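Peer 1: This is the structure I want to talk about, given as structure tokens.
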Amino acid sequence: MNSYYELLGVPPNATELEIRSAYGRDVLRLQESASDSKVAHFRAALDAAFATLVDPTKRATYDAELATALGDHAEASTGDADDAFRDALRGGLWFAGGCIVTAGTYAFLQGTYFLAWGPVLFGGFQLVRGLLRYFSVPSGARRATHLAILAGLIVLGIGSAGFVGVSEALAAQQQAESTKWNALIDATSLDVLQASEIVGGVAKRPGPWDANDSTDMAKASGLYAHVADSVAAATAPARLEWYRAGMAKNFRDAAAITHEYSLLSATSPATVFEGLDKRWKARLDEANQLSDRFEAQEGKAP
């Protein structure tokens, strides 16, 4: 609202001298301007403001009417602010609710995600529209509680959306790690199978230990050592790190035991063979325990 005081550029408590001075200044400025309908209209407004404010009776009446008008305007502004807040609040609730539901599925339903795009997009649109309307009303009509509530909903929604984004990034990282881990398994499975067949073949051969047995065990040791190095240098998904470390140790033990077998001869004491046989059986038991734990955790055999 532009009051007579604002038109003349004086405060509401201006003296008559200040009013006359301001009026004279504005009239001189108008005389320097080109004469057109807008200048004439503004001059008429200045004359009306001057005539009212220099007359004590008219000024008192005008001040009373101005106070009433300002009160009505403030009340209307407050009503507009409340309406805008309700619109923004509804949007904020939809926005935050959609983000929270989405984040909840990421937090508690592993592998089952629900992206509540409808509420998030609808709520976000309503929230922005309500905020634009809310901030268009005079600042005096806004309430700190309204701003705090809306800010809280925005922070809650954005925080939930951020959690979803982080979850997506972690899931992508885990998927990449799983892909690399599975590729490692595929790359080393042939070496494991070949080494196991060599050891099994040596165990089934009749007769005393000979040079062929030692040679074959040396081959098996080399294969197990290569697999152990590959597994030890690999990166497994975090949930399978225990399995990677355990199998790396197990293959390392297999390489060491088969290497010691390769150093034996027909004249080696039977106690040495028995000792290595016990170590080999213990290694197999350890591998089976790792496999059982893997199957219990993942629901499938390794």
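Peer 1: Determine which member of the set THR52, THR112 is modelled with pLDDT of 85 or more and of a type in the set (S, T, N, Q).
Peer 2: THR52
Peer 1: Just to be sure I understand, how many residues within segment 196-206 are in a loop (DSSP other than H, G, I, E, B) and surrounded by 12 or more Cβ atoms within 10 Å (Cβ to Cβ)?
Peer 2: Just the residues of segment 196-206 that are in a loop (DSSP other than H, G, I, E, B), to begin with: 205-206.
Going one step further and asking which of them are surrounded by 12 or more Cβ atoms within 10 Å (Cβ to Cβ), we end up with 205.
Residues that pass the stated criteria total 1.
Peer 1: Determine which member of the set ARG86, ARG133 is modelled with pLDDT of 80 or more and surrounded by fewer than 19 Cβ atoms within 10 Å (Cβ to Cβ).
Peer 2: After applying the criteria, what remains is ARG86.
Peer 1: Going through segment 260-296 one residue at a time, which ones are aromatic (Phe, Trp, Tyr) and closer than 19 Å to ASP216 by Cα?
Peer 2: Across segment 260-296, the qualifying residues are TYR261, PHE273, TRP280.
Conditions (1) over 19 Å from GLU260 (Cα atoms); (2) touching a helix residue (DSSP H, G or I) at 6+ places or on another chain (Cβ under 8 Å); (3) assigned to a loop (DSSP other than H, G, I, E, B); (4) outside the structural domain of SER262 (by TED's automatic domain parsing), marked per residue:
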{"residue": "PHE163", "(1), (2), (3), (4)": "yes, yes, no, yes"}
{"residue": "GLN173", "(1), (2), (3), (4)": "yes, no, no, yes"}
{"residue": "LEU184", "(1), (2), (3), (4)": "yes, yes, no, no"}
{"residue": "VAL192", "(1), (2), (3), (4)": "no, yes, no, no"}
{"residue": "PRO208", "(1), (2), (3), (4)": "no, no, yes, no"}
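Peer 1: Okay, moving on. For SER178, all conditions in the list (1) small (Gly, Ala, Ser); (2) out of contact with any helix residue (DSSP H, G or I) (no Cβ under 8 Å at 6 or more places or on another chain); (3) under 30 Å from ALA96 (Cα atoms) hold save one; what is the number of the exception?
Peer 2: If we test SER178 against (1) small (Gly, Ala, Ser); (2) out of contact with any helix residue (DSSP H, G or I) (no Cβ under 8 Å at 6 or more places or on another chain); (3) under 30 Å from ALA96 (Cα atoms), just (3) comes out false.
Peer 1: Conditions first: (1) in a helix (DSSP H, G or I); (2) of a type outside the set (Val, Ile, Thr); (3) surrounded by 16 or more Cβ atoms within 10 Å (Cβ to Cβ); (4) within 50 Å of the chain's Cα centre (by Cα). HIS259 passes all but one, so which condition is the exception?
Peer 2: Failing condition for HIS259: (4).
Peer 1: Would you confirm whether or not segment 258-267 contains a residue that is aromatic (Phe, Trp, Tyr), over 18 Å from ASN212 (Cα atoms) and assigned by TED's automatic domain parsing to the domain that holds LEU184?
Peer 2: The answer is no; no qualifying residue exists.
The values are calculated or read from the model by the stated rules, or taken from the named source; none is laboratory data. Bear in mind the structure is a predicted one, so any value in this text is a computation, not a measurement. FYI the Cβ positions are ideal-geometry reconstructions off the backbone, even for glycines, and counts take in every protein chain you see.
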